[in-house]
Amino acid sequence: MKILAIDDQQLILLSVEKRLTDLGYQVKTANSGKSGIAAIDSYDPDMVIVDINMPDLTGIEVIQHIRIVRKLEIPILVMSGNTNENTILESYNLGIDDYMKKPVSLDEMVARINRILGNKYVQHYTETNVDTKIIGQYGVGVVIPCYNEEKRLSRALFQDFIEKNVGYHLCFVNDGSTDNTLEVLKKLRQGNEDSISIFDCEKNGGKAEAVRQGIQHLIKHNEFDYVGYLDADLSTDFRDFDDLVKTIGNSDFKIVSGSRIARMGADITKESARKIISKTINLIIQTILGMPFKDTQCGAKVMDKEIATLMFKKKFITKWLFDVEIFMRMRKHYGKKNAKKMICEQPLKRWIHMDDSKLSMKDSVKIVGQLGQIALYYK
């Protein structure tokens, strides 16, 4: 049985194709409405899965082509982040068989296909497999800078995240590591080539440049609506990062930054000495920025692709305080009033300080001098 999947998000198409192919279906994919219509005419599918919001022709126009122009009675399953009631009603009036609102799981998708097509063996499959989630109608590229992370990099956690979170692409940047980090990353990528990439820097340039190189690598790809970065030690939980993505996807914010400020019900753990130094540095940063952000240095941020293109175009003047520089660049480019409206600081539910941190207490003292550099440079 042949299924045609039409969606402008390549990461979603790849996951849908893999799941349905594993079930024995013949699957063809199309990444636009126009190519989808061409495939309908040439591929002659037994079922069509289609998104609504696509840049050239909408899913509604594809459905109209199937039902009105071609007068085909093949089953149509809409899978879209468009939750507009009128759009949903119009789809049903045109004769679709089902409408799934993203985010959805691949297992739910399979169950609905089973209901429509009546394939009993599919039901057994969905009952015995781990649920795999599709995020909303956008793709997210995440940069993970790595310097000598051979012992700290949790392959199992990254592998589990990629398998369960369709729509994410992890870009590991090997920042001139002198241990076996690159080999560990290559093993992690095996079998996950579509959702994991490796950017290898020959020389160590520091976290700021590693993240910048990774961001520039990601923004070249059309499938990412948002890009961000996350520390390799996963001191910020993946669930919290996913919450940051949900916030930016459902708001007008251009940057959503995690915050490790302790609050009721949150699991925020730091070393006592580090906590004192961190508070002092944060006060200095707030003074320099002239904006009330309490934790600019949290290593978990996600931003609009357009903003990332602007903020990561030029090299940063410091190796560790590039987060502060991003905020300063936002203020300089958009003005303080607008920058405050564009940036959201979202408290994390979980954050744990990991042992063997690359940033020593001595480095923390140097930060004060580097903040002075930033204040003068961006004045």
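We did not get these values from a lab; they are worked out from the coordinates using the rules stated. All figures in this text were calculated on a predicted structure; none of them were measured in a lab. Note: ideal-geometry Cβ built from the backbone for every residue, glycine included; neighbour counts use all protein chains shown.
Annotations
- Taking other residues whose beta carbon is less than 11 angstrom from the beta carbon of GLN9, and scoring Lys, Arg as +1 and Asp, Glu as -1, yields -4.
- The residues neighbouring GLN26, those whose beta-carbon lies less than 10 Å from its own, together hold a net charge of +1 under the Lys/Arg +1, Asp/Glu -1 convention.
- Among residues other than GLU193 with Cβ under 13 Å from its Cβ, the summed charge is +3 (Lys and Arg +1, Asp and Glu -1).
- Ranked by how many other Cβ atoms sit within 10 Å of their own Cβ, fewest first, the residues VAL110, VAL302 fall in the order VAL110, VAL302.
- Helix-only mean residue ellipticity at 222 nm for the chain, each DSSP H run of n ≥ 4 adding -39500 (n - 2.57), per residue, nearest 500: -13000 deg cm²/dmol
- In the elastic network of the chain, a GNM with C-alpha springs shorter than 10 Å, the most mobile of ASP295, ASP323, ASP97 is ASP97.
- Exposure proxy shown here: for GLU345, GLU325, the number of other Cβ atoms within 10 Å sets the order, fewest to most, as GLU345, GLU325.
- When +1 charges are put on Lys and Arg Cβ atoms and -1 charges on Asp and Glu Cβ atoms, the dipole computed for the chain relative to its Cα centre reaches about 1900 debye.
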